[in-house]
1. Report the gain in length on full extension from LEU27 to ARG83: 0.36 nm times residue separation, minus Cα-Cα distance, nm rounded to one decimal.
2. Accessible area per residue, 1.4 Å probe, Å², for the chain: what's the number?
3. I need the Kirkwood Rh of the chain: take the reciprocal of the average 1/r across all distinct C-alpha pairs and report it in angstrom.
4. Suppose R0 equals 30 Å; then what is the FRET efficiency for ALA11 and TYR46 from their Cβ-Cβ distance, rounded to the nearest 0.05?
5. If you stretched the chain out fully between SER18 and LEU60, how much longer would it get, using 0.36 nm times the residue separation minus the C-alpha to C-alpha distance?
6. Treating only the Cβ atoms of Lys and Arg (+1) and Asp and Glu (-1) as charged, compute the dipole magnitude of the chain about its Cα centre; round to the nearest 20 debye.
7. Picking from VAL41, ALA24, LEU77, whose Cα lies most toward the positive end of the charge dipole for the chain (charges on Cβ: Lys, Arg +1; Asp, Glu -1)?
8. Taking all protein chains as present, what is the carbon and sulfur share of the accessible area of the chain, in % to the nearest whole number, probe 1.4 Å?
Amino acid sequence: MWSSLAALVVASFLIALSPGPGTALVLRHSVRGRRSAVAVVAGAWYLVLVGALDRVRGRLARAGVRRALDRVRGGVLVALGLRLVVDAR
């Protein structure tokens, strides 16, 4: 029994140390240049953010939260519009 447990621990440790497809993708793009690697990492973080927002989708669908988000989105759009007007001058 102890030998099976030891084998499981060793195998789990080696699997945890091995690079996954995300690491391979970043390494592949880092060879092409820093800009490419940063873009891949930013894309990966974006996917993490989208996944987290998907998990809290039920909470974001509440009426009060939805109204607050609509206000924030409206404020951001107004601010971007004002910035475009000011920068155009």
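1. Numbers: separation 56, 0.36 × 56 = 20.16 nm, distance 3.82 nm.
Length gained, LEU27 through ARG83: 16.3 nm.
2. Solvent-accessible surface per residue comes out at 91 Å².
3. On the way: mean 1/r = 0.0556 Å⁻¹.
Computed over the chain, the radius equals 18.0 Å.
4. The calculated FRET efficiency here is 0.35.
5. Details: separation 42, 0.36 × 42 = 15.12 nm, distance 3.70 nm.
Gain in length upon complete extension: 11.4 nm.
6. On the way: 14 positive and 3 negative charges, 96 e Å.
Using Cβ point charges on Lys, Arg, Asp and Glu, the chain gives about 460 debye.
7. Working it through, the farthest residue towards the positive pole turns out to be LEU77.
8. Summing carbon and sulfur atoms, their accessible area is 69 percent of the total for the chain.
The values are calculated or read from the model by the stated rules, or taken from the named source; none is laboratory data. What you see is a predicted model; the values in this text were computed from it and never measured. Heads up, the Cβs are rebuilt from the backbone with ideal geometry, glycines too, and the neighbour counts pull from every protein chain shown. These accessible areas exclude ligands, DNA and RNA; they are computed on the full protein's heavy atoms, side chains included. Shrake-Rupley method; radii C 1.70, N 1.55, O 1.52, S 1.80 Å.
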